[in-house]
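The values are calculated or read from the model by the stated rules, or taken from the named source; none is laboratory data. Computed from a prediction, not measured in an experiment: that's the story for all the values here. So basically every Cβ, Gly included, is an ideal-geometry build from the backbone, and we count neighbours across all protein chains shown. Areas reflect the complete protein model, heavy atoms only, side chains present, ligands, DNA and RNA absent. Shrake-Rupley method; radii C 1.70, N 1.55, O 1.52, S 1.80 Å.
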Amino acid sequence: MSPHGKAPLLRRREYPYALFLLPGALAFLAVIVVPFLMNTGISLTHWQGVGSPKWAGLANYRELLDDSAFWESFRHSLAMVVAMAVLPTALGLVLAAALFDYIAKHIGTRTASVLRACFYLPQVLPIAVAGIVWSWILAPENGALNEALGAVGLGSLAHDWLGDPDFALYSVMAVMVWVQLGFPLVVFMAGLQRADPSLHEAAELDGASWWRRFWHVTLPQIRPEIYVVLLWCTIAALKVFGAVYVLTKGGPGGATNVPSYFSFQSFFEKTQVGYGSAVSTTLTVIILALALVALRLQTRAEDQ
């Protein structure tokens, strides 16, 4: 067949696949793109949620640059990245290796599966339920943690964990480590299952210790999973809202405020809809830029 006959045939064969992508593209357009553009438009106005918006141009963004409360909330967001991405990734790697290399091989795969499910359980719980339970645990009076400290003779360490500005952020971070740990653990255990066992056997025959085998053999093989976990958890940390809302509502005195909750306050408490839209638009742009950079780095690492 001539080249002129092949081209229409190829287009006919490829065209049906585009139809399968069309519903997802339309849903993405309706749920993501259009609301984002509308939110961006509102961020260029002064509006209290009722009446007609008044055009403000970039005034909200200029105000945002000079808003110390916003930058303080952004610094808290970076702390959440540590609690929801860095620490869970490191702990998840260690726990996944322990479950896969020791528990499953010496005690049994069923025990390893049960422990994996226990670690993943906080991911299944609604964040509102988990937050309420932890607020009971961390309550200053009759809270389970303070009661336990008193029972073992450490009552002097009892504290108002969520009400003290010096401890509130660290308390929320600890709760988020507990919530987030199960996701990296499950992903890393799946990655360990596809790792080539012959490389471990060869390293073990050469006299390599478990740590050297883990560092030089296991980690390079599950590098894609590490990239995915870090990216996913970092995005979750930057847009965290539910835990802060349930546990502290950004307090005390803004000690646990994060950009997503800061935007919520601007929207519904201060009725500064345009300013809240500017905060959420800025946060969205930061998340998109971070995702693009992370994907670029991942692609470059895989190519190398």
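For the condition out of contact with any Leu (no Cβ under 8 Å at 6 or more places or on another chain) and open to solvent by 60 Å² or more (accessible area, probe 1.4 Å), what is the one hit in Leu199, Leu192, Leu169? Quick ask: steps written out before the conclusion?
Details: Leu192 fails: open to solvent by 60 Å² or more (accessible area, probe 1.4 Å); Leu169 fails: open to solvent by 60 Å² or more (accessible area, probe 1.4 Å).
Being out of contact with any Leu (no Cβ under 8 Å at 6 or more places or on another chain) and open to solvent by 60 Å² or more (accessible area, probe 1.4 Å) holds for just one of Leu199, Leu192, Leu169, which is Leu199.
Restricting the first member to region 284-304 and to residues that are part of a helix (DSSP H, G or I), and the second to residues that are open to solvent by less than 50 Å² (accessible area, probe 1.4 Å), the beta-carbon pairs closer than 6 Å and six or more apart or on different chains are Ile287/Ile235; Ile287/Leu238; Ala294/Leu231. If I filter region 146-154 for residues that are in a helix (DSSP H, G or I) and within 23 Å of Leu95 (Cβ to Cβ), do I get at least one hit? Checking region 146-154: not a single residue is in a helix (DSSP H, G or I) and within 23 Å of Leu95 (Cβ to Cβ).
Note on region 174-188: residues that are open to solvent by 10 Å² or more (accessible area, probe 1.4 Å), among the hydrophobic types (A, V, I, L, M, F, W, C) and within 18 Å of Leu99 (Cα to Cα) total 5.
Only a single criterion out of (1) at pLDDT 90 or above; (2) within 25 Å of Ala90 (Cβ to Cβ); (3) open to solvent by 20 Å² or more (accessible area, probe 1.4 Å); (4) of a type in the set (A, V, I, L, M, F, W, C) is not satisfied by Val246, namely (2).
Listed conditions (1) touching a helix residue (DSSP H, G or I) at 6+ places or on another chain (Cβ under 8 Å); (2) open to solvent by 30 Å² or more (accessible area, probe 1.4 Å) are all met by Leu292, apart from (1).
Of all residues in region 249-268, count the ones that are assigned to a helix (DSSP H, G or I) and open to solvent by 30 Å² or more (accessible area, probe 1.4 Å).
Taking region 249-268 and keeping what is assigned to a helix (DSSP H, G or I), we get 259-268.
Applying the additional criterion that residues be open to solvent by 30 Å² or more (accessible area, probe 1.4 Å) yields 264-265, 267-268.
So the count comes out to 4.
Listed by first and then second residue, the pairs linking a residue in region 170-185 that is polar (S, T, N, Q) to a residue that is open to solvent by 30 Å² or more (accessible area, probe 1.4 Å), with Cβ atoms under 8 Å apart and 6 or more places separating them unless they lie on different chains, are Ser171/Trp161; Gln180/Gln123.
Among Leu65, Leu95, which is open to solvent by 40 Å² or more (accessible area, probe 1.4 Å) and either within 30 Å of Gln272 (Cα to Cα) or among the acidic types (Asp, Glu) (or both)? Spell out the reasoning first.
Values: Leu95 fails: either within 30 Å of Gln272 (Cα to Cα) or among the acidic types (Asp, Glu) (or both).
Only one candidate qualifies: Leu65.
Run down Trp211, Trp232 and say which single residue is open to solvent by 40 Å² or more (accessible area, probe 1.4 Å), part of a helix (DSSP H, G or I), at pLDDT 90 or above and aromatic (Phe, Trp, Tyr). It is Trp232.
Just to be sure, is Ala278 touching a residue at least 40 places away in the same chain (Cβ under 8 Å), in contact with a helix residue (DSSP H, G or I) (Cβ under 6 Å, 6 or more places away or on another chain) and part of a helix (DSSP H, G or I)?
Numbers: touching a residue at least 40 places away in the same chain (Cβ under 8 Å): yes; in contact with a helix residue (DSSP H, G or I) (Cβ under 6 Å, 6 or more places away or on another chain): yes; part of a helix (DSSP H, G or I): yes.
Answer is yes for this residue.
Cβ-Cβ distances below 8 Å connect the following pairs, each with a first residue in region 93-122 that is in contact (Cβ under 8 Å) with a residue 40 or more places away in the chain and closer than 22 Å to Leu219 by Cα, a second residue that is of a type in the set (S, T, N, Q) and open to solvent by 60 Å² or more (accessible area, probe 1.4 Å), and a separation of six or more residues or different chains: Phe100/Gln193. Checking the stated criteria, Ala237 turns out to be modelled with pLDDT of 90 or more, open to solvent by less than 60 Å² (accessible area, probe 1.4 Å), touching a helix residue (DSSP H, G or I) at 6+ places or on another chain (Cβ under 7 Å) and small (Gly, Ala, Ser).
Assess whether Thr271 counts as being buried (at least 17 other Cβ atoms within 10 Å of the Cβ) and hydroxyl-bearing (Ser, Thr, Tyr).
Working: buried (at least 17 other Cβ atoms within 10 Å of the Cβ): no; hydroxyl-bearing (Ser, Thr, Tyr): yes.
So Thr271 fails the test.
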